[in-house]
Amino acid sequence: MIDTNVNRRQDSNVKWSVAKNDDQLLPMTVADMDIATPQFIREAMQSVLDQKVLGYTMPSTAFYDAIIRWQKKYHDVSLKRDQLIIVPSIAVGLSFVIRHLTQVNDGIIVMSPYYPPYRRLVVDNQRQFIEFPLIQREGQYVIDLERLDKVMAEGQAKAIIVCNPHNPGGCVWTTAELQRIQDIAYAHHVLVLADEIHDDVAFSDNIPVSMMSDLMGDEASEQTILLKSATKAFNLAGVKCAYLAVKNPKLLAILKQAAEAEAIEEVNTLGLVATRTAYEQGEQWLTEVNAYLEENRNLAYEYLREEVPLIRPMYPEGTYLMWLDFMAYGLTDAELDAKLRTLGHLCLNPGIDYGQTGSGFMRLNFAVDREVLKDALHRLKTFDKAISNK
Ligand SMILES: Cc1ncc(COP(=O)(O)O)c(C=O)c1O
């Protein structure tokens with residue numbers, strides 16, 4: 001049973017902290033869910049606490065088996081235990097991979113708009129951030145693959161981050177697109193850093209394909225580093241447990257040695273338990289939550305198109321994130337954010353934070369109770385009316 005009746009207002013979480021001094025403000029931002037982390041996971045964590053000692057632990061065979069089974073069953077990724085490296089989070093894992101598999105000044109291609117920390121993870125590690133704007137076709141993002149080929153041919157890029165499903169656009173890249181990216185990357189010796197953290201939030205009309213799936217073939221797998229965790233789908237961002245999958249023996253050896261040197265695999269006991277339990281027991285819960293999110297998505301998409309046509313939503317094929325185009329209002333990014341707060345009492349993630357391509361957009365997180373979502377949608381309508389009357 002999923003539980004959408006949560007109150008996070010008093011908790012010190014990132015999302016609700018903006019509303020600390022403003023009771024009226026509704027945040028629909030940070031990519032976690034206002035849906036309870038499943039009870040069976042909380043119980044498994046509690047049973048660790050009930051043992052009374054939180055001493056050193058190590059990942060169990062059952063932990064690895066749970067990941068291997070899940071990735072094979074849901075994503076057609078065949079893995080062996082020694083191809084996995086545990087890390088505290090995707091952000092930490094990405095930084096780790098960038099530092100050990102590329103050199104200072106190497107280029108990393110990032111499609112924009114992009115998950116904001118990507119820039120910091122590239123630039124603060126002294127790599128070149130090669131921003132690769134997505135283009136819009138019929139209101140949805142597509143990848144300009146011919147241009148990607150040209151950018152890679154320039155030789156500066158040593159890796160590309162492929163976020164699938166895409167945050168913030170909600171796009172699920174097609175198998176043909178993914179295969180083409182792999183082919184181009186292969187031709188130009190570019191590593192594929194596949195951030196698939198959102199791929200368990202899947203809707204009935206679009207199932208994401210993994211860059212490391214058996215379907216993509218051996219060459220693709222050998223040049224891919226998969227970054228994954230159970231944290232988005234099972235609402236576990238705070239437990240700090242993620243993993244890398246690496247099939248290429250050379251890259252694996254480099255990363256394994258670096259993992260030793262940095263003791264990076266020493267993650268939180270509760271994170272290990274939560275991840276294992278999610279993958280062992282979470283199938284039914286996830287089916288329910290995805291169905292709930294899919295209805296939320298449909299409701300929000302249809303409502304906006306009918307009731308607030310000046311706001312143009314991208315259709316989220318995956319993720320619980322909706323990317324909204326506000327350009328018709330002719331506001332600057334700062335004005336848009338301010339007016340949504342003052343006129344709609346609504347806080348969304350400003351698109352400009354996701355790179356220049358995100359200017360004029362806002363991101364709405366719809367992983368909330370349906371009544372809260374309806375409230376947020378009404379607030380968008382209130383904003384629209386108030387602006388239009390001026
Ligand atoms: C695409 C993407 N990658 C990575 C992360 C962060 O993952 P972690 O908390 O494991 O660093 C997020 C969180 O929103 C995300 O959307």
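Residues of the range 65-92 that are away from the ligand (no atom under 16 Å from the Cβ), surrounded by fewer than 19 Cβ atoms within 10 Å (Cβ to Cβ) and part of a helix (DSSP H, G or I): Asp65, Arg69, Lys72, Lys73, Tyr74, Arg81, Asp82. For Ala159, the stated conditions do not hold, so it cannot be described as closer than 27 Å to Ile85 by Cβ, in a helix (DSSP H, G or I) and of a type in the set (A, V, I, L, M).
I want to confirm something. Restricting to the range 305-333 and keeping residues that are assigned to a strand (DSSP E or B) and touching a helix residue (DSSP H, G or I) at 6+ places or on another chain (Cβ under 8 Å), which single residue is farthest from Val30 (Cα to Cα)? Selected residue: Arg312. Residues Leu336, Leu340: which one is free of Cβ contacts under 8 Å to residues at least 60 places away in the same chain, part of a helix (DSSP H, G or I), buried (at least 19 other Cβ atoms within 10 Å of the Cβ) and in contact with a Leu (Cβ under 6 Å, 6 or more places away or on another chain)? So the residue among Leu336, Leu340 that is free of Cβ contacts under 8 Å to residues at least 60 places away in the same chain, part of a helix (DSSP H, G or I), buried (at least 19 other Cβ atoms within 10 Å of the Cβ) and in contact with a Leu (Cβ under 6 Å, 6 or more places away or on another chain) is Leu340.
Taking the range 19-62 as the range and being more than 24 Å from Val267 (Cα to Cα), touching a Leu at 6+ places or on another chain (Cβ under 9 Å) and either outside the structural domain of Cys347 (by TED's automatic domain parsing) or not β-branched (Val, Ile, Thr) (or both) as the test, the residues that pass are Ala19, Leu25, Leu26, Pro27, Met28.
For the range 193-203, a tally of residues being surrounded by fewer than 24 Cβ atoms within 10 Å (Cβ to Cβ) and either modelled with pLDDT under 95 or over 30 Å from Asn298 (Cβ atoms) (or both) returns 0. Restricting the search to strands (runs of 3 or more DSSP E) fully inside the range 98-146 and requiring at least 1 residues that are away from the ligand (no atom under 16 Å from the Cβ), in the same structural domain as Gln179 (by TED's automatic domain parsing) and out of contact with any strand residue (DSSP E or B) (no Cβ under 9 Å at 6 or more places or on another chain) gives 135-137, 140-142. In the range 257-289, the residue that is nearest to Asn365 (Cα to Cα) out of those that are in a helix (DSSP H, G or I) and charged (D, E, K, R) is Glu288.
Listed here are the residues, each with its yes/no results for (1) modelled with pLDDT of 95 or more; (2) hydroxyl-bearing (Ser, Thr, Tyr); (3) within 16 Å of the ligand (Cβ to nearest atom); (4) more than 23 Å from Val201 (Cβ to Cβ).
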| residue | (1), (2), (3), (4) |
| --- | --- |
| Asn298 | yes, no, no, no |
| Leu310 | yes, no, no, yes |
| Met322 | yes, no, yes, no |
| Gly330 | yes, no, no, yes |
| Thr342 | yes, yes, no, yes |
| Ile352 | yes, no, no, yes |
| Gly360 | yes, no, no, yes |
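The values are calculated or read from the model by the stated rules, or taken from the named source; none is laboratory data. All of these numbers come straight from a predicted model, not from anything done at the bench. Here the Cβ is made from the backbone with ideal geometry for all residues, glycine too, and neighbour counts use every protein chain on show.
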